[in-house]
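In what follows, a structure is listed as structure tokens, so that the remarks can point back to it.
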Amino acid sequence: MSDTKTVTRAGARPLSPHLQVYRMPLNAVLSILHRITGAAMSVSAALVVWWFLAAATSEGYFALVNGLLTSWPGDIVLSLSVLGLWFHFCNGIRHLVWDTGSHFGRKRVRQTGILAVLVTLVLTAITLFVI
Amino acid sequence: MHEHRTERARVSGLGSARSGTGHFWEQRISAIALAFLAPFFVYSFAHALGSDYATVRAIYSQPFNAIVALGFVLVACLHLVQGLAVIIEDYVHGRAGIVWLIAMRLLVGFVALTGAFAILKIAFSA
């Protein structure tokens, strides 16, 4: 008897988190972004190394690659790379702090998440407009 | 059902290989190194990008800038291998996963080697 009751109650409940209508908490979004920015920076790394190779090769080849990276599509890619780098940097420091076992509380995680986003924006602005 | 094997035989070959935390630990170490290197590298690179050929070569013939750039490129590639390996292990299974892991290591290794060669050539010839 109790068995059938359990089955009915389980059947009435939602079976999955229903990702389409589930508003992800800030930290879930940041976690996914950490992975995306990390993987995406492999493209940035290849571009930066290409630029160094050009500077090591000849003046003409350097002019070509430097021109490509400072053209408007190049600017967009590198600006996004800077944004991705500083986000991965800030969020990575959160991960290193968590690895020591501290700042794990629900409120603390949200606070440091917001802080990481703000510091990312500040560092990106400094890199793009000041340096 | 009666289990004929001994407890010891049942677990033999299973379980910890005593190196399970190695990858995790090495990724943290490369992360710490990058946290120190990244600000200095971004600073020199932001200055150099868009400058003329002679200025760029002058910037990266400075020992400090060259050492930071070399360290950043090498450790970033190491960290990239560690991170991409985790992503591939998560999403690509079986034989395809092995192929991806090998291809990824070769590609990132090529980027690291090229970067190291280029930075050293600029540092020593400018």
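General observations
- Buried surface for the A/B pair, taken as the accessible area of each chain alone minus that of the pair with a 1.4 Å probe, is close to 2700 Å² in total.
- What you get for region A:24-130, charging only the Cβ of Lys and Arg (+1) and of Asp and Glu (-1), is a dipole of about 700 debye around the Cα centre.
- Of the chymotrypsin sites (Phe, Trp or Tyr not before Pro) in region A:81-115, those whose Cβ has at most 13 other Cβ within 10 Å and which sit in DSSP loop: A:104
- Dipole magnitude of chain B about its Cα centre (Cβ charges: Lys, Arg +1; Asp, Glu -1), debye to nearest 20: 280 debye
- Placing unit charges on each Cβ (+1 for Lys and Arg, -1 for Asp and Glu) gives region B:3-126 a dipole about its Cα centre, and among B:85, B:54, B:71 the Cα reaching farthest toward its positive end belongs to B:85.
- Under DSSP loop assignment and at most 13 Cβ neighbours within 10 Å, longest trypsin sites (Lys or Arg not before Pro)-free interval of chain B: B:19-126
- Chain B - mean residue ellipticity at 222 nm from DSSP helices (-39,500 (n - 2.57) per run, n ≥ 4, rounded to 500): -27500 deg cm²/dmol
- For region A:24-130: accessible area per residue (Å², 1.4 Å): 54 Å²
- Alpha carbon centroid spacing (whole Å) that separates region A:111-131 from region B:27-106: 21 Å
- Alpha-carbon Debye profile of chain B, log10 I(q)/I(0) at 0.11, 0.18, 0.20 Å⁻¹: -0.56, -1.01, -1.12
- Computed FRET value (nearest 0.05) for residue B:87 with residue A:102, which takes r as the C-beta separation and R₀ as 35 Å: 0.85
- Counts of other chain beta carbons within 10 angstrom of each beta carbon in peptide A:32-45 average 3.
- Since only A:128, A:36, A:117 are under comparison, the one whose Cα sits farthest along the positive direction of the charge dipole of region A:24-130, derived from C-beta charges on Lys, Arg, Asp and Glu, is A:117.
- Carbon/sulfur fraction of accessible area - region A:24-130, other protein chains in place, 1.4 Å, %: 75 percent
- Shape summary of chain A, radius of gyration then Dmax from alpha carbon positions: 22.5, 84 Å.
- For the protein assembly as shown, the percent of C-alpha pairs falling in each 10 Å distance bin, counted from 0 to the bin holding the largest distance, reads 6, 23, 28, 20, 12, 6, 4, 2, 0.
- Helix axis angle, A:2-12 relative to chain A longest principal axis, alpha carbon, degrees: 40 degrees
- Note on chain B: GNM, Cα springs under 10 Å; of B:55, B:114, B:21, the largest mean-square fluctuation is that of B:21.
- Most mobile listed residue (A:35, A:108, A:23) in chain A, GNM with C-alpha springs under 10 Å: A:23
- In Hz, Karplus ³J(HN,Hα) per residue of region B:88-99 (6.51, -1.76, 1.60; θ = phi - 60°; x = Gly, Pro): 5, 4, 6, 10, 10, 10, x, 4, 4, x, 4, 4
- Computed over chain A: relative contact order in percent, which uses C-alpha pairs under 8 Å that are six or more apart: 28 percent
- Helix-only [θ]222 nm of chain A, DSSP H runs n ≥ 4, -39500 (n - 2.57) each, per residue, nearest 500: -27000 deg cm²/dmol
- Note on A:53-66: average number of Cβ atoms from other chains within 10 Å of each residue's Cβ is 4.
- The phi-based Karplus calculation (6.51 cos²θ - 1.76 cosθ + 1.60; θ = phi - 60°) puts the 3J(HN,Hα) values of region A:58-75 at 7, 5, x, 5, 4, 4, 5, 5, 4, x, 5, 6, 9, 6, 5, x, x, 4 Hz, whole numbers, x for Gly and Pro.
The values are calculated or read from the model by the stated rules, or taken from the named source; none is laboratory data. In this text the structure is predicted, and so the values were computed from the model without any measurement. Don't worry about glycine lacking a Cβ; one is built from the backbone with ideal geometry, like all the others, and counts go over all protein chains shown. Only protein heavy atoms, including side chains, enter the accessible area calculation; ligands, DNA and RNA are left aside. Shrake-Rupley method; radii C 1.70, N 1.55, O 1.52, S 1.80 Å.
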